[in-house]
Amino acid sequence: MRKGLRFVLVTALLGSAALAATQAPDALASVAYFQVDQVRLEGAFYLRHDEAVAAAFLPEGLSIWGDLEGIAERLGSHALVAEARVRRRLPSTLVLQVRERQPVALLPTPALVPVDAEGRILPIDPVHHDLDLPLLRPILEDGGALGPDELRMLAGEVARVAALEPRLAASVSEAALDGWGDVVIHILEPRTTLRFRPPLTRGRLEEGFEVLADALERTPGRIPVAIDLRFAEQVVVRYTSPNPR
């Protein structure tokens with residue numbers, strides 16, 4: 001009997017504590033001491049503080065015990081935000097934490113606009129931020145504009161090349177598609193053109209540059225202008241002129 005009574009009392013106490021914990025934020029939300037008076041932004045480089053606050057749409061008199069998930073969802077809808085979280089910092093500060101979408105290339109529209117690896121146009125001023133990124137060109141053969149799927153694929157391959165070989169990223173000046181849907185990337189150093197069938201793999205890229213290095217060493221009088229990786233188990237090197245011999 002005594003054990004049964006103890007069990008009932010403990011259960012009742014635990015239930016009361018759980019109820020108090022769930023009701024506490026609602027009770028505290030009406031306390032002026034916890035009204036938001038400062039909003040901090042973390043993880044942003046391109047996104048301005050005022051843009052983040054506007055996107056989060058924080059109502060007047062908001063308490064830090066308010067709906068943080070809803071705020072994060074609204075903030076995450078901004079074109080620059082890939083992921084958003086919101087944290088409380090007692091007594092009255094909200095921290096907006098974001099992971100931004102990163103620009104990987106510039107698209108002529110005809111004005112130059114940054115795009116991310118998914119081909120999304122990002123609201124970033126390339127002049128203000130001095131973006132040194134490759135250009136995405138129209139399809140080579142007919143000069144037609146890139147469709148959404150083509151843009152997504154081409155931007156993704158530019159991002160892939162940069163991820164596979166970060167040292168090469170700064171040397172990529174342009175990227176385009178040919179009439180067969182293959183990618184053509186112009187590289188400044190060493191000055192050459194890389195042509196491949198997407199998706200490009202790390203191994204294939206390494207094979208291409210091993211062959212390029214060998215070609216530069218073996219034929220110093222000839223300039224390799226193209227490295228073609230489209231053919232399985234082959235790397236084709238093209239030159240500006242025939243062998244002088």
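Rule-based calculations on the coordinates, nothing more; no lab input. Predicted model only: the values in this text are computed from it and were never measured. Neighbour counts are summed over all protein chains in view; Cβ atoms, including those assigned to glycine, are modelled from backbone coordinates with ideal geometry.
Once you place label points 7 Å from the Cα toward the Cβ at GLN102 and ARG191, how far apart are they in nm?
In this crude spin-label approximation the distance works out to 2.9 nm.
Please compute one quarter of the surface area of the Cα convex hull for region 105-239 and express it in square nanometres. Could the numbers behind the result be given before it?
Working: hull surface 33.8 nm².
If I average the Cα hull's projected area over directions, I get 8.4 nm².
So, counting K/R as plus one and D/E as minus one, what does the shell of residues with Cβ under 14 Å around ARG167 add up to?
Numbers: positive: ARG202; negative: GLU165, GLU189, GLU206.
Residues near ARG167 contribute -2 overall.
Based on the Cβ-Cβ distance from LEU131 to LEU90, what FRET efficiency comes out when R0 is 35 Å, to the nearest 0.05? Walk me through the numbers before you get to the answer.
Numbers: r = 39 Å, r/R0 = 1.11.
The pair LEU131/LEU90 has a calculated efficiency of 0.35.
Given Cβ point charges of +1 (Lys, Arg) and -1 (Asp, Glu) and nothing else, what value in debye, to the nearest 20, does the dipole of region 30-100 about its Cα centre take?
220 debye
So, counting K/R as plus one and D/E as minus one, what does the shell of residues with Cβ under 14 Å around ILE223 add up to? List each step's numbers first, then the result.
On the way: positive: ARG191, ARG218, ARG222, ARG238; negative: GLU189, GLU217.
Around ILE223, the charge tally is +2.
Determine the relative contact order of region 30-100: mean sequence separation of Cα pairs under 8 Å and six or more apart, normalised by residue count, in whole percent. Walk me through the intermediate numbers first.
Numbers: 128 pairs, mean separation 30.2, N = 71.
Relative contact order, region 30-100: 43 percent.
Averaging sequence separations of C-alpha pairs under 8 Å and six or more residues apart, then dividing by the length of region 158-245, give the relative contact order as a whole percent. Mind dumping the intermediate values first?
On the way: 123 pairs, mean separation 17.4, N = 88.
Result for region 158-245 is 20 percent.
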